[in-house]
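Trainee: One structure follows; several queries about it will come next.
The values are calculated or read from the model by the stated rules, or taken from the named source; none is laboratory data. The structure presented is a predicted model; accordingly, all values stated were derived computationally and were not measured. For neighbour counting, all protein chains shown are included, and Cβ atoms are generated from backbone atoms with ideal geometry for every residue, glycine included. Only protein heavy atoms, including side chains, enter the accessible area calculation; ligands, DNA and RNA are left aside. Shrake-Rupley method; radii C 1.70, N 1.55, O 1.52, S 1.80 Å.
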Amino acid sequence: MKILIAEDDAISRLILQKSIQKLGHECLCASDGAAAWELYQQDAVDVVVSDWMMPGMDGIELCKRVREHLSEVYPYFLFLTALSDKTHALTGMLAGADDYLTKPLDRDELRMKLIAAERVTALHRQLTLHKAELERLKQDLFTQARRDPLTSLGNRLQLGEDLDTLRARVDRYGHSYSIALCDIDFFKQYNDTYGHLAGDEVLRRVAKLLADLERAGDTVYRYGGEEFMLILPEQSLATATLVMERLRQAVEELAIPHRTHGSSEVVTISAGLAMLLPGESKSIDTVLQEADAALYRAKEGGRNRVAV
Amino acid sequence: LRDLQEQGEPDLVHELIALFLDGTPPRLHAIRAAADRREGPTLAQQAHLLKGSCAGLGARPMAEICEELEALGRREDLGQVGSAVDRLSAEYEHVREVLCSDYAGTPA
């Protein structure tokens, strides 16, 4: 362990230092509280052994500072106190010390207290590791909960949260958004013809295409079974229509065979567009309904098309 | 103390004795000055410091007189401090003689 000694008496300090080094620990020495505090802040110290009375900053003040200082490790704090002085020991413990050593130094006692210190600091270190691990797992779970596992796109939960943010931006900063709802045409028939595994593969390929072709700032989500949602910031309906038309064409060009399609030989998508504009008191739900209605019109109009 | 001595290191016992012999006279002086000026807190503080050194080296009678002085200083009970300081000085002379005769001959 790395042990910091704060002791103003040179003789006691030297004896303590040699005793600690003899037990196989590394030693840092300070002749008063302020110097100890300086050293403490520069180095990751496992144990502080501090005298009670020192000129300038005394042991109590040093202990309080050590305890208030945010640190990755938990420093074990040992007070040096005269054998007869139990009230000092108690005050020290209340100030945040873990234990005390009596003066003059008893080396067996020092050894025992350092064994305890090693145990406690190891436990704290483990605790810190576990905490970090837990934090990481929490982050992973947070991310996973917002991803669709099949396509790796954002899911409904993610979309819901993003739409809330977006709504606030429209109101506060006057941003505008186009929202597109896409649906793979005759997907049920595809599944019935080729099986669900093949259907999953189509979902993955279409999702990847949409994600690859989206421009910076656009976001794609898996909305439902074979439905995808795109959020296109700062797009008019006309430009958003061009974007979606490009995507529709790209899906068609994937040329995934679909013999039960009805009107085409390959997998296609239809899309419906709606807008969220500043100054309108439209709710997100209304916009989604509008996009859904547009999608319905695209389907009615013969599919493999974009409608507004 | 000798048990702490590591092979190849400068002689720890000599180092400690040197620290003690160098450090004690100024402290005795400070204790006497505080006693003469009737400064209880300063006396207590100085006596406390010296007590630590004495106890560390195993000079128990000196440590005991220091403790007595520390208590007297803290209580501002300064009637008897003069004689206690005299006893402390005498005890120091005794300790110094013992230390010098015991260690003077051994190489540093």
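Trainee: If A:GLU109 meets every condition in (1) in contact (Cβ under 8 Å) with a residue 40 or more places away in the chain; (2) under 26 Å from B:LYS51 (Cβ atoms) apart from one, which number is that one?
Mentor: (1)
Trainee: Test B:ALA35 against the stated conditions and say whether it is assigned to a helix (DSSP H, G or I), without any contact (Cβ under 8 Å) to a residue 40 or more places away in the chain and of a type outside the set (D, E, K, R).
Mentor: no
Trainee: Looking at segment A:3-26, which of the residues that are modelled with pLDDT of 90 or more and open to solvent by 40 Å² or more (accessible area, probe 1.4 Å) is farthest from A:ALA122 (Cα to Cα)?
Mentor: The qualifying residue farthest from A:ALA122 (Cα to Cα) is A:ARG13.
Trainee: What are the residues in segment A:89-103 that are within 12 Å of chain B (Cβ to nearest Cβ) and either within 45 Å of the chain's Cα centre (by Cα) or free of Cβ contacts under 8 Å to residues at least 60 places away in the same chain (or both), if any?
Mentor: A:THR102
Trainee: Quick check on B:GLY56: is it more than 10 Å from chain A (Cβ to nearest Cβ), under 23 Å from A:GLY56 (Cα atoms) and buried (at least 16 other Cβ atoms within 10 Å of the Cβ)?
Mentor: Answer is no for this residue.
Trainee: Condition check: part of a helix (DSSP H, G or I), touching a strand residue (DSSP E or B) at 6+ places or on another chain (Cβ under 9 Å) and either open to solvent by less than 40 Å² (accessible area, probe 1.4 Å) or among the aromatic types (Phe, Trp, Tyr) (or both). Does A:LEU114 satisfy that?
Mentor: For A:LEU114, the condition - part of a helix (DSSP H, G or I), touching a strand residue (DSSP E or B) at 6+ places or on another chain (Cβ under 9 Å) and either open to solvent by less than 40 Å² (accessible area, probe 1.4 Å) or among the aromatic types (Phe, Trp, Tyr) (or both) - is met.
Trainee: Could you grab the pairs with beta carbons closer than 6 Å, sequence gap of 6+ or different chains, first residue in segment B:56-79 and within 18 Å of B:GLU39 (Cβ to Cβ), second one open to solvent by less than 40 Å² (accessible area, probe 1.4 Å) and β-branched (Val, Ile, Thr)?
Mentor: These pairs meet every condition: B:LEU72/B:VAL81.
Trainee: Okay, next question. For segment A:159-166, does any single residue satisfy the condition of being open to solvent by less than 60 Å² (accessible area, probe 1.4 Å), in a strand (DSSP E or B) and at pLDDT below 95?
Mentor: No, the conditions are met nowhere in segment A:159-166.
Trainee: Across segment A:1-44, what is the total count of residues that are assigned to a loop (DSSP other than H, G, I, E, B), closer than 20 Å to B:SER53 by Cα and more than 14 Å from every other protein chain (Cβ to nearest Cβ)?
Mentor: So the count comes out to 0.
Trainee: Return a yes/no flag: does segment A:78-86 have any residue that is in a strand (DSSP E or B) and open to solvent by 60 Å² or more (accessible area, probe 1.4 Å).
Mentor: Checked segment A:78-86: no residue is in a strand (DSSP E or B) and open to solvent by 60 Å² or more (accessible area, probe 1.4 Å).
Trainee: When segment A:232-246 is examined, which residues are found to be surrounded by fewer than 23 Cβ atoms within 10 Å (Cβ to Cβ) and either outside any strand (DSSP E or B) or at pLDDT 95 or above (or both)?
Mentor: If the condition is that a residue be surrounded by fewer than 23 Cβ atoms within 10 Å (Cβ to Cβ) and either outside any strand (DSSP E or B) or at pLDDT 95 or above (or both), then A:GLU234, A:SER236, A:LEU237, A:ALA238, A:THR239, A:THR241, A:LEU242, A:VAL243, A:GLU245, A:ARG246 are the ones that fit.
Trainee: Of everything in segment A:45-60 that's more than 10 Å from every other protein chain (Cβ to nearest Cβ) and aliphatic (A, V, I, L, M), which residue is nearest to B:LEU12 (Cα to Cα)?
Mentor: Top of the filtered list is A:VAL49.
Trainee: Sticking with this structure for a sec: Checking B:LEU78 against (1) open to solvent by 60 Å² or more (accessible area, probe 1.4 Å); (2) part of a loop (DSSP other than H, G, I, E, B), which single condition isn't satisfied?
Mentor: B:LEU78 satisfies all of (1) open to solvent by 60 Å² or more (accessible area, probe 1.4 Å); (2) part of a loop (DSSP other than H, G, I, E, B) except (1).
Trainee: Report whether or not B:PRO41 is in contact with an Asp or Glu (Cβ under 7 Å, 6 or more places away or on another chain) and open to solvent by 20 Å² or more (accessible area, probe 1.4 Å).
Mentor: no
Trainee: In this structure, is B:ARG87 facing chain A (nearest Cβ under 10 Å) and surrounded by fewer than 18 Cβ atoms within 10 Å (Cβ to Cβ)?
Mentor: No, not satisfied.
Trainee: So how many residues does segment A:30-51 have that are within 18 Å of A:ARG125 (Cα to Cα) and either small (Gly, Ala, Ser) or crowded, with 17+ Cβ neighbours inside 10 Å (or both)?
Mentor: 6
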